[in-house]
Amino acid sequence: MTDQSTNGSQLEAVIVDGGRIPFQRSGTGYNDLMAYDLGRLAVEGIISRAPIDGGNLDRVIMGTVIQDVNTSNVARESALGAGIPNHVPAHTVTQACISSNQAVTSAINLIKAGQAKAVLAGGTETMSDIPIRFRKTFRQKLLEARKYKSISDFLKFFKGLRPSHLLPEIPAIAEFSTGETMGESCDRMAAHFGISRQEQDEYALRSHQLAAKATKEGWLDPELLPAAVPPDFDTIEHDNTFREDTSMEKLEKLSPAFIKPHGTITAGNSSAFTDGASASLIMEKETALQQGITPKAYLRAYTYVAQDPEDELLLGPAYAVPKVLDAMDLQLSDIDVFEFHEAFAGQILTVLKALNSDTFAKEKLDRDQKVGEIPMDTFNCWGGSLSLGHPFGATGVRLVTTAANRLHHEDGELALVAACAAGGQGHAIVLERFDG
């Protein structure tokens, strides 16, 4: 983070604005749309209220996880569909659940290197339209058939085929390296750290109640970009992901979803499959000020980490947080706003327990003492992924946007964003409120 401009002054990246189309449970509001459509709606929404014209962007970067082969560079397609001029380059990044975090930090890097002054960073994901394909044997037959010329060639097509080869192959939400799903891994991790089912259900209830309150109070409104959904163009204005009417009684009745019958991870204390997209405007500070634009926050130090995906799949934030704090010579007590991704209640509670553990600090972080305890009255106060939903490629920008907005709403100075991701990876970034 020491790149300098040609005149010797340090270039600083700031977030000017951020937003997202309302998140929807998969199979509901955006059921008939592609990830491209969702990305386009988010880009249109943020540009429609941006203080600069889309033609003045230097780059569009978007994260996504489950790619559609028809829109493999979904950032470019979404940008063009949203009316961003042809001359603005766009590229797509993927890093599992921290894909749009990578979009944001890629924007920071471009700005600090003097390669860009204004970048649109976002992400998009649909779980309502995942790519389902034929099994490999049948795919190979289809590719081979392109070379057929005679009737006898086509008769060979069925040789060796069995009915099972025609069954669809649905993508698994599992680690390629271990074959284990996130839920199974989280169940084991929660058990290892002694996180009870009751604690998880209580945390999930908290998340839903806070999301409902934030929605009712209008605190989330600044980050919501109303989405007019074709073909009828009915406008979706709010998330439909949180359960305002949930209760401990309802949560306690749910059966284990992954490790049966004694697991503690259920549908109620896990983030749901979600469709959505997000977008943010990241600018070089002096460029923004010269144009009369007041940023929301500086984007300060960030880091990415990776651990063993078998034993520490979702522990990334416990490793990333101390690194980013050390980089800025900060303590947890210096942070006013915390926004952490909630994949599962068991995951987030494990991360919080690890950060507050002397044993974990000594054995895993090579530190003399624990990182510390995060006060819950500053943590995910407007709900989190458990309640607001988790469109894989879009969550990172939601976290950064909410953190920046909360800094102003709560009169804070510093915010810390952190997230886990598939592959045993993790991310953390510090934001500092901009006061012009």
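The values are calculated or read from the model by the stated rules, or taken from the named source; none is laboratory data. This structure is a prediction, so every number in the text was calculated from the model and none was measured. Positions of Cβ are generated from backbone atoms using ideal geometry, with glycine treated the same way; all protein chains shown enter the neighbour counts. Only protein heavy atoms, including side chains, enter the accessible area calculation; ligands, DNA and RNA are left aside. Shrake-Rupley method; radii C 1.70, N 1.55, O 1.52, S 1.80 Å.
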Just to be sure, is ARG243 of a type in the set (Lys, Arg), within 26 Å of ALA421 (Cα to Cα), at pLDDT 95 or above and not in a loop (DSSP other than H, G, I, E, B)?
no
So which residues in the range 32-66 are within 24 Å of ALA96 (Cβ to Cβ) and out of contact with any helix residue (DSSP H, G or I) (no Cβ under 7 Å at 6 or more places or on another chain)?
LEU33, ASP37, LEU38, LEU41, ALA42, ILE46, ILE66
When you scan the range 75-87, do you find a residue that is part of a loop (DSSP other than H, G, I, E, B) and touching a residue at least 40 places away in the same chain (Cβ under 8 Å), even just one?
yes
Here is a list of conditions, (1) open to solvent by 60 Å² or more (accessible area, probe 1.4 Å); (2) of a type outside the set (Val, Ile, Thr); (3) touching a Gly at 6+ places or on another chain (Cβ under 9 Å); (4) over 27 Å from ILE111 (Cα atoms), and LEU289 meets all of them except one; can you say which number that is?
(4)
Could you please find all residues in the range 162-210 being in a helix (DSSP H, G or I), open to solvent by 50 Å² or more (accessible area, probe 1.4 Å) and of a type outside the set (D, E, K, R)?
PRO163, SER164, LEU166, ALA191, HIS192, GLN198, GLN209
Matching residues in the range 260-271 - criterion: being part of a loop (DSSP other than H, G, I, E, B) and either surrounded by fewer than 16 Cβ atoms within 10 Å (Cβ to Cβ) or in contact with a His (Cβ under 6 Å, 6 or more places away or on another chain) (or both):
LYS260, PRO261, HIS262, SER271
Out of (1) under 25 Å from SER26 (Cβ atoms); (2) hydrophobic (A, V, I, L, M, F, W, C); (3) modelled with pLDDT of 85 or more; (4) out of contact with any helix residue (DSSP H, G or I) (no Cβ under 8 Å at 6 or more places or on another chain), what's the single condition that is false for ILE108?
(1)
Against the condition under 19 Å from the mean Cα position of the chain (by Cα) and surrounded by fewer than 22 Cβ atoms within 10 Å (Cβ to Cβ), how does ALA361 come out, does it pass?
no
Scanning the range 221-262 residue by residue, those on the phi < 0 side of the Ramachandran plot and aromatic (Phe, Trp, Tyr) turn out to be PHE242, PHE258
Criterion (part of a strand (DSSP E or B), under 11 Å from the mean Cα position of the chain (by Cα) and either charged (D, E, K, R) or crowded, with 19+ Cβ neighbours inside 10 Å (or both)) met by exactly one of ALA419, ALA428, ALA415
ALA419
Every residue in the range 109-143 that is assigned to a helix (DSSP H, G or I) and crowded, with 24+ Cβ neighbours inside 10 Å, please.
ILE111
